[in-house]
Amino acid sequence: MAAEVICSRWTALVVRELLCGSTRFNDLRRGVPRMSPTLLSKRLKELEEAGVIAVKKTGQKGVVEYKLTEAGEELRGIVMSLGVWGQRWVESSLSLKNLDPSLLMWDMRRNLAPAPIPGRRCTVKFDYPELSAGRKTWWLVVENGEVDLCGVDPGYEVDLYVRSSLHSMTSVWMGATTLKDEMEASNIVLTGDKAVARSMHQWLGLSPFAKEKSRVGAAAKA
């Protein structure tokens, strides 16, 4: 019965988004961009019926928030362990095949550490030149300790320009390589505010599993 609740397709990822703080439908969609809105609605209904989440009104017409119940919170260890297992045992080249810039940028926004960035409003523009228009350019805006992600130009002066392939930036985010190595190989190029550029390795939001080392090669040798 427990497996029926959490093992259906996409459900673990929906729970992960809720555990990471997403509470509204559109934010959940940004965390699982390849999941259809219809299926997301279905999974949320199933989780509500299973007692994993509670649906609360916001006071705005047609807008609700999804909150984990005590039962939902107890799934944290399971979901995090699944992520650790994947980082250790799923071949990284497989993870780097079907990349999604919106998912990468959403997770980078969520895990970005504002402290190393100057106290004023700071805008970082990411450019993935190999992607099509509408997917290639993203802005992270940091102000008063808050981080916003924009898919269209917010109109602010850009402090740092980051030019990279999506593969290189995702590899850094996953912990498969380092920002320093990718910059030395000219796979990632930074232009603009030198202080913001120097501290990028400190503020860049990596996967919570990035520190986990792959064991795939070691297992093959054994």
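Okay, residues lined up against (1) farther than 24 Å from W203 by Cα; (2) without any contact (Cβ under 8 Å) to a residue 40 or more places away in the chain:
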site	(1), (2)
E70	yes, yes
G77	yes, yes
G83	no, no
Q87	no, no
P101	no, no
L104	no, no
P116	no, no
T123	no, yes
G134	yes, yes
Cβ-Cβ under 6 Å pairs, at least 6 apart or on other chains, region 195-218 side more than 20 Å from D107 (Cβ to Cβ), far side of a type outside the set (A, V, I, L, M, F, W, C) and assigned to a helix (DSSP H, G or I) = R215/R88
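Just for region 51-60: of the residues that are among the hydrophobic types (A, V, I, L, M, F, W, C) and open to solvent by less than 50 Å² (accessible area, probe 1.4 Å), which one is farthest from V216 (Cα to Cα)?
Filtering region 51-60 down to residues among the hydrophobic types (A, V, I, L, M, F, W, C) leaves 52-55.
Remaining after also requiring open to solvent by less than 50 Å² (accessible area, probe 1.4 Å): 52-54.
Working: V52: 33, I53: 35, A54: 39 Å.
Here the residue is A54.
Suppose we filter V152, V124, V158 for residues that are open to solvent by 50 Å² or more (accessible area, probe 1.4 Å), touching a Phe, Trp or Tyr at 6+ places or on another chain (Cβ under 9 Å) and not charged (D, E, K, R); which single one remains? Talk me through it step by step, then tell me what you get.
Working: V124 fails: open to solvent by 50 Å² or more (accessible area, probe 1.4 Å); V158 fails: open to solvent by 50 Å² or more (accessible area, probe 1.4 Å).
On inspection, the qualifying residue turns out to be V152.
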A careful count of residues in region 61-95 that are outside any helix (DSSP H, G or I), at pLDDT below 90 and open to solvent by 80 Å² or more (accessible area, probe 1.4 Å) gives 2
Could you give every pair whose Cβ atoms fall below 6 Å, whose first residue belongs to region 1-25 and is closer than 25 Å to K61 by Cα, and whose second residue is of a type in the set (G, A, S) and part of a helix (DSSP H, G or I), counting only separations of at least 6 or pairs across chains?
-> E17/G31; S22/G31
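What do you reckon, is S8 among the small types (G, A, S) and more than 20 Å from the chain's Cα centre (by Cα)? Walk me through it before giving the result.
On the way: among the small types (G, A, S): yes; more than 20 Å from the chain's Cα centre (by Cα): yes.
Against the criterion (among the small types (G, A, S) and more than 20 Å from the chain's Cα centre (by Cα)), S8 qualifies.
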Filtering region 1-43 down to residues that are of a type outside the set (V, I, T), part of a helix (DSSP H, G or I) and loosely packed, with under 11 Cβ neighbours inside 10 Å yields A2, A3, E4, N26
Here are some residues: G134, G175. Which one is surrounded by 16 or more Cβ atoms within 10 Å (Cβ to Cβ), under 17 Å from L104 (Cβ atoms) and modelled with pLDDT under 95?
-> G175
Would you mind stating whether S207 is out of contact with any Phe, Trp or Tyr (no Cβ under 9 Å at 6 or more places or on another chain), more than 25 Å from P118 (Cβ to Cβ) and of a type outside the set (A, V, I, L, M, F, W, C)?
-> no
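The values are calculated or read from the model by the stated rules, or taken from the named source; none is laboratory data. Everything numeric in this text was worked out from a predicted model, so none of it was measured. Methodologically, a virtual Cβ is constructed for each residue, glycine included, from the backbone with ideal geometry; neighbour enumeration extends over all protein chains shown. Calculation scope for accessible area: heavy atoms of the full protein, side chains included, ligands and nucleic acids excluded. Shrake-Rupley method; radii C 1.70, N 1.55, O 1.52, S 1.80 Å.
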